[in-house]
Amino acid sequence: MQLDRVSRLAGAAPMLHFQLLGVPKWHLPTGESQLLSRKDAALISILSFDGPQAREVLSGRLWPSVNKARGGANLRQRVSRLRRDTGRVVVHTGQSVRLSDDVEVDAGTIGTLSAEALLELGELLAGFDYADNEFLNGWVATQRESLRRERVDALVGHAYRLESQRQLASALRLSDCILALMPLQEHAWRHQMRLHYLRGDRSSAIQAFERFEALLRDETGARPSEETIELLRMIEAPRPDRHRWPAVVPATLLRPPVLVGRERELQAMARAWSSG
């Protein structure tokens, strides 16, 4: 994502702010704001995420069904209208098309948001459909998924922080949001099971497992992993102090492992396993 401009402007008051998450609109420091059209929202989004674009490439993405001359004219009209409506230079159109350095977009700030802000966050270009444009339809779907994952990662960080502070009810609120965004994320279900158990609510922890088991079976035909089954066994096992988490918990049950840069080793392990 080409959003370096946002980090460079950190601490400075931007002249123009674009809201792309939720209902797209622009805001001025004066408080003035205006909704973005579907095409203008796509234009700002592409320049925000992908960086500067060649004029012909950008116009071809936005207006694939017209010739280059008509597409170029459409782009110039859009840029002029944005400048007229905002009273600011929004887009520069030299050798390449790029956003002005005085423009800020909200899509680059997800990792800095509070837990409450993340709970209220809207989807990229909410309410807009681009099924009539093959490129935009696929591009928007890809960016929405990427931002959804980024939002989930940020929520997970807040949830673990709240758990460490024993704010279990607040952590569960975030857990519910995480599962609504990514319902098949198994380690998120394990986290919810553990949060219920830490609150002394073993029945809710077991119900969380049962919901995940049914969802996984219906969606993929698969079964929960051994880590999740082991967590269920630990929850179901009778304990003298049912409000206390076991002193020794396998690391994989605390946080999901991150497997990065080990593809060759993982393939070798898989071959060894399959060969007995």
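The values are calculated or read from the model by the stated rules, or taken from the named source; none is laboratory data. Worth saying up front: this structure is predicted, and the values here are computed from it rather than measured. Every residue, glycine among them, receives a Cβ derived from its backbone with ideal geometry; neighbour counts consider all protein chains shown. The accessibility values were calculated without ligands, DNA or RNA, using every heavy atom of the protein model including side chains. Shrake-Rupley method; radii C 1.70, N 1.55, O 1.52, S 1.80 Å.
For the pair the stretch 15-70 / the stretch 159-187, the C-alpha centres are spaced 34 Å from each other.
Net charge within 11 Å of Ala117 by Cβ-Cβ distance, Lys/Arg positive one each and Asp/Glu negative one each, not counting Ala117 itself? Charge balance near Ala117 sits at -2. Be a star and scan the stretch 134-151 for residues whose amide nitrogen sits under 11 Å from the point 7 Å along the Cα-to-Cβ vector of Met182. Backbone N within reach: 146-151. Amide H contacts under 5 Å for Val105: Phe18, restricted to partners 5 or more places along the chain or on a different chain, H placed in the peptide plane at 1.01 Å from N.
A Förster distance of 22 Å, applied to the separation of the beta-carbon atoms of Phe135 and Arg76, puts the FRET efficiency at 0.65. For the stretch 115-202, the share of accessible area belonging to carbon and sulfur comes to 47 percent (1.4 Å probe, ligands and nucleic acids excluded).
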